[in-house]
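Participant: The structure is given below, and queries will be raised subsequently.
The values are calculated or read from the model by the stated rules, or taken from the named source; none is laboratory data. Computed from a predicted model, the values in this text were never measured in an experiment. No Cβ is skipped: glycine too gets one built from the backbone with ideal geometry, and neighbour counts run over all protein chains shown. Just so you know, the surface numbers come from the protein's heavy atoms only, side chains and all, with ligands and any DNA or RNA stripped out. Shrake-Rupley method; radii C 1.70, N 1.55, O 1.52, S 1.80 Å.
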Amino acid sequence: MPEAISSAAPLLEVEQLWVRYGGISAVKGISFQVRQGELVCLIGCNGAGKTTSLKALAGLLPCEARLARLNGSIDLTELAAHQRIAHGMALVPEGRGVFARLTIEENLDMGAYSQKDRAQIALDKERVYATFPRLKERRQQAAGTMSGGEQQMLAMGRALMGRPRLLLLDEPSMGLSPIMVDKIFEVVKTLHEAGTTILLVEQNANMALQIADRGYVLDSGEMLLSGPAQDLITDPRVREAYLGDGGV
Ligand code: ATP
């Protein structure tokens, strides 16, 4: 990890996060951090609590936390979901959540709904189109007619329209062909290299750890392990449980 990142201040700090569905705790007091400019992945099996954690961070699920702070001073527990977006948190949800009947361009405009500066919106859109040329080619097409991979690009592009300071990506590779998975991971890597701070939730632990600076391993709602991605990728416990026999 570049030194500038490893010594950067935490952009997101979470301590003792609990999320319950009725009487059942899905996330049991987990703590983690994402520093400015970092790409951090949260990996774990089906049902480990990854999506639940991200939704709670985005303000979409009620939760309790001893601390949930953005940028050193913003107390997330005090903020509704739309206020968290206004503070620069953008969630790309599992299943993409694009507006199927709207065109690609209209979907991107939805990502800029809270902004007033039209010139800036136009610039942001061009930046998204430069990242995802495929979206530009198809900009008048209804989003629902696009492939899963294209919809993933659109969901990410829509989130980027707000120039987020923290991008929360929930299982971007889910349900995609291997070629498209490679493309999406390539884009995540490029966004990271361009300075975007990213918290990436993935079941594809192998690929996530290959591009991340650091990782956290969630198991049955508890934080099992954490560390530099390069250490986790060679950790026998991670290799056995999450990377299969082949590993990397
Ligand atoms: P996946 O990769 O399958 O999405 P995950 O790690 O994201 O897994 P979550 O979806 O966060 O896991 O689920 C964590 C636990 O919470 C699981 O036991 C799941 O069954 C449970 N759960 C998730 N959503 C709900 C809900 N709406 N109501 C009740 N329980 C839920």
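Participant: From the cross-link list 50/116; 50/136; 55/183; 50/189, which pairs have alpha carbons spaced over 22 Å apart?
Facilitator: Long pairs (Cα-Cα over 22 Å): 50/116; 50/136; 55/183.
Participant: Here's a follow-up. Tell me the Rg and the Dmax, in Å, that the Cα atoms of the chain produce.
Facilitator: In order Rg, Dmax, the Cα atoms of the chain give 17.5, 52 Å.
Participant: Excluding residue 164 itself, calculate the net charge of residues whose Cβ lies under 12 Å from the Cβ of residue 164, where each Lys or Arg counts +1 and each Asp or Glu counts -1.
Facilitator: Values: positive: 84, 158, 163, 165; negative: 124.
With Lys, Arg at +1 and Asp, Glu at -1, the net is +3.
Participant: Counting heavy atoms of the protein chains only and a 1.4 Å probe, report the per residue accessible area for the chain as a whole number of Å².
Facilitator: Each residue of the chain exposes 47 Å² on average to a 1.4 Å probe.
Participant: Read phi for every residue in segment 215-226 and hand back ³J(HN,Hα) as whole Hz from Karplus 6.51 cos²θ - 1.76 cosθ + 1.60, θ = phi - 60°, with x for Gly and Pro.
Facilitator: Values per residue, Gly and Pro as x: x, 10, 10, 9, 9, 6, x, 10, 7, 8, 8, 7 Hz.
Participant: If you don't mind, another one. Where Lys and Arg each count +1 and Asp and Glu each count -1, what net charge lies around residue 71 among other residues with Cβ under 11 Å from its Cβ?
Facilitator: Details: positive: 69, 165; negative: 13, 75.
Every neighbour counted, the sum reads 0.
Participant: What is the distance, in nm, between label points placed 7 Å from the Cα along the Cα-to-Cβ direction at residue 83 and at residue 130?
Facilitator: Going from the residue 83 label point to the residue 130 one covers 3.5 nm.
Participant: If you don't mind, another one. Net charge near residue 203, counting Lys/Arg +1 and Asp/Glu -1 over other residues with Cβ under 15 Å of its Cβ? The partial results should precede the final answer.
Facilitator: On the way: positive: 50; negative: 94, 170, 171, 202, 219.
Computed value for this residue: -4.
Participant: What is the set of long-range amide H partners of residue 216 at a cut-off below 5 Å, with H atoms built 1.01 Å from backbone N?
Facilitator: 41, 42, 43
Participant: Expressed as a whole percentage, what fraction of the accessible surface of segment 95-162 belongs to carbon and sulfur atoms when a 1.4 Å probe is rolled over the protein heavy atoms? Kindly include the intermediate steps, with their values, before the conclusion.
Facilitator: Numbers: 1820 of 3470 Å².
Reported share for carbon and sulfur atoms: 53 percent.
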